[in-house]
Every structure is written in C-alpha cells, then in structure tokens.
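Quick notes on the structure that follows.
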Amino acid sequence: MLQTREHIIRECPQYEAHRQVLRGVSREIIMSEVMGTEKGIEALAEFIKESGAFKKRQERRQGDVDADEEI
C-alpha cells in the first residue's frame, strides 16, 4: 500500500484512534476542509502530534522519551 498523505490522514488503520480530532472539523475528513481552514490546520497539527504520523520509524519508537530525559 502506498503511504500517501491522504492515506495516512484518512484511511490508514494504524491512525484510526486519532482521527476524532479531524472529524471534529470535517466529519468525512475532506482534505480541502482539513487543509483549507484554520481550524482544520489546528486539528491536523493535533492529529500529527498525538498519532506520531509522518515520523520515521526510529523517531516513533523513541517518541515516548521525554525531550529533557537523557538516553
């Protein structure tokens, strides 16, 4: 499966639990509604922050480490 932006934001099962924030802006997660409005961009930023979407695999694995904590 090709991991396009649209696939990750709208369809990828891995991120389903985090999509409620996007559905608060656009029930069907229509890309133009999400990316074309201030509320949509804010929701998208929250989705990315909470889900870890678009991070490299290594970053996702280490993502739970506090930035101030030494590794």
Inspect all residues belonging to the stretch 17-31 and state whether any of them is hydroxyl-bearing (Ser, Thr, Tyr) and part of a helix (DSSP H, G or I). no
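Matching residues to (1) at pLDDT 95 or above; (2) within 14 Å of the chain's Cα centre (by Cα); (3) not basic (Lys, Arg):
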site: 3; (1), (2), (3): no, yes, yes
site: 12; (1), (2), (3): no, yes, yes
site: 22; (1), (2), (3): yes, yes, yes
site: 38; (1), (2), (3): yes, no, yes
site: 60; (1), (2), (3): no, yes, no
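The values are calculated or read from the model by the stated rules, or taken from the named source; none is laboratory data. Given the structure is predicted, the values throughout are model-derived calculations rather than measurements.
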